[in-house]
Amino acid sequence: MSVNQNEANLEAITITIAHLEKNCKCDEKLLKELKDERDRLLRELNVHSP
């Protein structure tokens, strides 16, 4: 369960990335943007290694 909005967004983005990669129906540009946003949220939550 998400504690705040950033964690909820992180969870949704992570699930979306996994779904797109699993189904191979993904726009590479969109996938990169989602991964960049995921990395930004991880840094903001201080759970991303430098």
Q: Can you tell me the order of 7-14, 20-27 when each peptide is scored by its average per-residue count of other Cβ atoms within 10 angstrom, highest first?
A: 7-14, 20-27
(Q) Can you find, among 23, 12, 41, the residue sitting farthest towards the positive end of the charge dipole of the chain, where Lys and Arg contribute +1 and Asp and Glu -1 at Cβ? (A) 23
Q) Residues of the chain: accessible area per residue at 1.4 Å, in Å²? A) 80 Å²
Q.
For the chain, what does the relative contact order come out to in percent, with C-alpha contacts under 8 Å and a separation of six or more?
A. 39 percent
Q) When the accessible area of the chain is computed with all protein chains present and a 1.4 Å probe, what percentage of it is carbon and sulfur? A) 54 percent
Q: Just the Kirkwood number for the chain, please: inverse of mean 1/r across all distinct Cα pairs, in Å, one decimal.
A: 11.3 Å
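Can you compute the charge dipole magnitude of the chain about its Cα centre, using +1 on each Lys and Arg Cβ and -1 on each Asp and Glu Cβ, nothing else charged? Give it in debye, rounded to the nearest 20. Show your work: numbers first, answer last.
Details: 8 positive and 10 negative charges, 24 e Å.
Approximately 120 debye in magnitude.
The values are calculated or read from the model by the stated rules, or taken from the named source; none is laboratory data. Note that the structure is predicted; figures quoted are calculated from it, not measured. A quick note on method: Cβ atoms are made from the backbone with ideal geometry, for glycine too, and the neighbour counts reach across all protein chains shown. With ligands, DNA and RNA removed, areas are computed over all heavy atoms of the protein, side chains included. Shrake-Rupley method; radii C 1.70, N 1.55, O 1.52, S 1.80 Å.
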